[in-house]
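Okay, so here's the structure we're looking at.
The values are calculated or read from the model by the stated rules, or taken from the named source; none is laboratory data. Everything numeric in this text was worked out from a predicted model, so none of it was measured. Cβ atoms come from the backbone with ideal geometry, glycine included; neighbour counts cover every protein chain shown. Note: accessible area is taken over every heavy atom of the protein model, side chains too, but ligands, DNA and RNA are not part of it. Shrake-Rupley method; radii C 1.70, N 1.55, O 1.52, S 1.80 Å.
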Amino acid sequence: MEITILTDNPNSWILPYVTKLKRYLNKHNYKINHIFDQKHISKGDIMFILSCEKIIPEKQLNFHKNNIVIHPSKLPEGKGWSPLAWQILEGKNKIPITLFEASSQVDSGKIYLTDVIKLKGDELNNEIKDKQGKITLKLIKKYLNNRNTLKGYNQKGKETFYPKIEKKHNELDINKNLKDQFNTLRIVDNKRYPAFFTLNGTEYILKIWKK
């Protein structure tokens, strides 16, 4: 069986987990093609579209029998960008995660599997991504082991969309205490998009680690 893995961001958080996935696939004698740009999509059996930022045209989806996405929300709720971060900002500690078939419409295909990312509420970005990565691999393995019997079902209910997380969403309000803004500190990346605050016209970066 030929499997394509598409990760269109060469700096994505998910790449270490893709490395683990490729080890698993090699061990089980799958033929793997890991690509970083949708223009390199060629024919195969299954394509896993992992942490991708660009929509894939239907013409390219037709190169594979199945095109699988794993999205951390209870679809059709929470479509769009950064659903895990948005739900943490909303104060949620149980985040649904959905494995579904990609389609030409954003996050709208048939659902095959679901699970839940369970958080205690004190995890920082690296710990949150680790939980997400591990459950992503768990769902992929479950899908591969059961794909011949998984029928999938159409999404039902009202769809909602999250916008892309931007720099402004990582800004702290100096007039509020840190406890009330802790969830913002949990989702920031110290290197790529750190928290910051502005005082007297000057912007200051604030980084966070556990002791």
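Among all positions in region 92-99, there is at least one residue which is over 16 Å from Leu6 (Cα atoms), open to solvent by less than 40 Å² (accessible area, probe 1.4 Å), touching a residue at least 40 places away in the same chain (Cβ under 8 Å) and touching a helix residue (DSSP H, G or I) at 6+ places or on another chain (Cβ under 8 Å).
Okay, residues lined up against (1) open to solvent by 40 Å² or more (accessible area, probe 1.4 Å); (2) of a type in the set (Ser, Thr, Tyr); (3) in a strand (DSSP E or B):
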| site | (1), (2), (3) |
| --- | --- |
| Ile3 | no, no, yes |
| Leu25 | no, no, no |
| Phe48 | no, no, yes |
| Ile68 | no, no, yes |
| Lys74 | yes, no, no |
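The set of residues from region 9-23 being open to solvent by 90 Å² or more (accessible area, probe 1.4 Å), in contact (Cβ under 8 Å) with a residue 60 or more places away in the chain and under 18 Å from Lys142 (Cα atoms) comprises just one member, Lys20. Within region 177-211, restricting attention to residues that are without any contact (Cβ under 8 Å) to a residue 40 or more places away in the chain and in a helix (DSSP H, G or I), which residue is surrounded by the most Cβ atoms within 10 Å (Cβ to Cβ)? Step by step, filter region 177-211, then rank; the result is Gln181.
For region 50-64, which residues satisfy the criterion of being under 24 Å from Ile97 (Cα atoms), part of a loop (DSSP other than H, G, I, E, B) and open to solvent by 50 Å² or more (accessible area, probe 1.4 Å)? Outline the logic, then answer.
Initially, region 50-64 is screened for residues under 24 Å from Ile97 (Cα atoms), giving 50-58, 61, 64.
The next check asks that each one be part of a loop (DSSP other than H, G, I, E, B); those that pass are 50-57.
Of everything in region 50-64, those that are under 24 Å from Ile97 (Cα atoms), part of a loop (DSSP other than H, G, I, E, B) and open to solvent by 50 Å² or more (accessible area, probe 1.4 Å) turn out to be Glu53, Lys54, Ile55, Pro57.
When residues in region 19-75 are screened for being β-branched (Val, Ile, Thr) and over 16 Å from Ser108 (Cα atoms), 5 of them pass.
Name the single residue, out of those in region 75-113 being more than 22 Å from Pro57 (Cβ to Cβ) and among the acidic types (Asp, Glu), that is nearest to the chain's Cα centre (by Cα). Out of the qualifying residues, it is Glu77.
Pick out the one residue from Lys179, Lys120, Lys129 that is more than 16 Å from the chain's Cα centre (by Cα), under 30 Å from Glu203 (Cβ atoms) and at pLDDT 95 or above. Lys179 is the lone residue from the list that is more than 16 Å from the chain's Cα centre (by Cα), under 30 Å from Glu203 (Cβ atoms) and at pLDDT 95 or above.
Quick test for you: out of Gly121, Gly133, Gly109, pick the one residue that is under 21 Å from Ser51 (Cα atoms) and without any contact (Cβ under 8 Å) to a residue 60 or more places away in the chain. Before the answer, list the steps.
On the way: Gly121 fails: under 21 Å from Ser51 (Cα atoms); Gly133 fails: without any contact (Cβ under 8 Å) to a residue 60 or more places away in the chain.
Of the residues listed, the single one that is under 21 Å from Ser51 (Cα atoms) and without any contact (Cβ under 8 Å) to a residue 60 or more places away in the chain is Gly109.
Looking for something open to solvent by less than 100 Å² (accessible area, probe 1.4 Å), modelled with pLDDT of 95 or more, among the aliphatic types (A, V, I, L, M) and more than 21 Å from Val69 (Cβ to Cβ) - is there at least one such residue anywhere in region 136-158? Within region 136-158, none of the residues are open to solvent by less than 100 Å² (accessible area, probe 1.4 Å), modelled with pLDDT of 95 or more, among the aliphatic types (A, V, I, L, M) and more than 21 Å from Val69 (Cβ to Cβ).
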